[in-house]
Every structure is written in structure tokens, then in C-alpha cells.
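Undergrad: Got a structure for you, questions after.
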Amino acid sequence: MGQVSQRQRIMQYVQDRYGTEPEYLWKKYPNYAIFRQPASKKWFAAVMDIPRRCLELDGDELVDVMDVKCGPIMVGSLLAQEGYFPAYHMSKSSCVSVILDDTVPDEDIYPLLELSYDSVAPKQKKI
């Protein structure tokens, strides 16, 4: 039996933790999936395979990435670390792309998913 990819592990974690299924919205990009926050219907994670050059890495081979929302302060600190890149096709000021090649441990990705999920949840009204 083959090794489970980080992409597969993270997608399964999102499904188990948040009870949301991946949505494949683009025929042209069959491996692009988004996950939505159930109450707000806003996306909180996007998983894609993109050419390495889109991350300013050498080569044209496809690499899996996940975009998450995390806010401008966290973006700056994450971009200083290995495995994090300016968001691919998203707001570069409030999102990052995380390469899913085991450079970033799963345990470091889980809190980012939580933050992104919470950031798109419906706001609680103050009484």
C-alpha cells in the first residue's frame, strides 16, 4: 500500500474535523478543491496543484498547496518560514499558500485551518 500524501491527510482532516466535503468547482482544474464553512458558506481552505514556478520555485512539475485565510500580521510571520508562500490567486495580504509536500508538519497546519475556519464563521451578535 502506498504512502498517503500530505494533501490526502489534510483533506481528510478537514472533512473529519469540520464535517465539510471538498467542492470541485472548475472543470478546467479538476484537482482544485475548496472547503466552505457550513454556516456562512464562505471558503476557508482551497487545495490546488499548481506548477512550482507559480511559487517562484524551480521547475514546472505540479505541487500541492493549500490556501488559508490568516490575516496580515500572521501572513508576514509565516512568509518568513520555509514552506509558506504568498497566496496563489488569493489576497496576498490576508492569505497564504502552504506547500503540501511535508515541508510544513500537519500539526502546524491544523491551527491555520482553525483560524481560517473561524475567520469566515458568522459573527456572533452582542446582546
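Undergrad: Which residues, counting only those in the range 1-60, are farther than 19 Å from Val120 by Cα and either charged (D, E, K, R) or in contact with a His (Cβ under 7 Å, 6 or more places away or on another chain) (or both)?
TA: Listed by number, the residues that qualify are Arg7, Arg9, Lys27, Lys28, Asp49, Arg52, Arg53, Glu56, Asp58, Asp60.
Undergrad: Check Glu107, Glu61 and return the single one that is in contact with a helix residue (DSSP H, G or I) (Cβ under 8 Å, 6 or more places away or on another chain), open to solvent by 60 Å² or more (accessible area, probe 1.4 Å) and free of Cβ contacts under 8 Å to residues at least 24 places away in the same chain.
TA: Being in contact with a helix residue (DSSP H, G or I) (Cβ under 8 Å, 6 or more places away or on another chain), open to solvent by 60 Å² or more (accessible area, probe 1.4 Å) and free of Cβ contacts under 8 Å to residues at least 24 places away in the same chain holds for just one of Glu107, Glu61, which is Glu61.
Undergrad: Could you list, ordered by first residue, the pairs with Cβ atoms under 7 Å in which the first is in the range 25-47 and more than 18 Å from Ser116 (Cβ to Cβ) and open to solvent by 10 Å² or more (accessible area, probe 1.4 Å) and the second is modelled with pLDDT of 95 or more and part of a loop (DSSP other than H, G, I, E, B), at least 6 apart or interchain?
TA: Partner pairs satisfying both residue conditions: Trp26/Tyr32; Pro30/Tyr24.
Undergrad: Another question, if that's okay. Exactly one of these conditions fails for Ser40: (1) in contact with a helix residue (DSSP H, G or I) (Cβ under 9 Å, 6 or more places away or on another chain); (2) not charged (D, E, K, R); (3) not in a helix (DSSP H, G or I). Give me its number.
TA: Just one mismatch for Ser40, condition (1).
Undergrad: Please list, ordered by first then second residue, the pairs with beta carbon atoms under 6 Å, 6 or more apart or interchain, first in the range 82-97 and farther than 19 Å from Asp118 by Cβ, second part of a loop (DSSP other than H, G, I, E, B).
TA: Correct list of pairs: Glu82/Thr103; Gly83/Thr103; Gly83/Val104; Pro86/Lys92; Ser97/Ala87; Ser97/Tyr88.
Undergrad: Would the range 70-86 turn up any residue that is part of a strand (DSSP E or B), open to solvent by 60 Å² or more (accessible area, probe 1.4 Å) and more than 21 Å from Gln12 (Cα to Cα)?
TA: Looking for residues that are part of a strand (DSSP E or B), open to solvent by 60 Å² or more (accessible area, probe 1.4 Å) and more than 21 Å from Gln12 (Cα to Cα), one finds at least one in the range 70-86, hence yes.
The values are calculated or read from the model by the stated rules, or taken from the named source; none is laboratory data. Values in this document were obtained by computation on a predicted structure and should not be read as measured data. Ideal geometry is used to build each Cβ from the backbone, glycine not excepted, and the neighbour counts take in all protein chains shown. Accessible surface areas use protein heavy atoms only, side chains included; no ligands, DNA or RNA. Shrake-Rupley method; radii C 1.70, N 1.55, O 1.52, S 1.80 Å.
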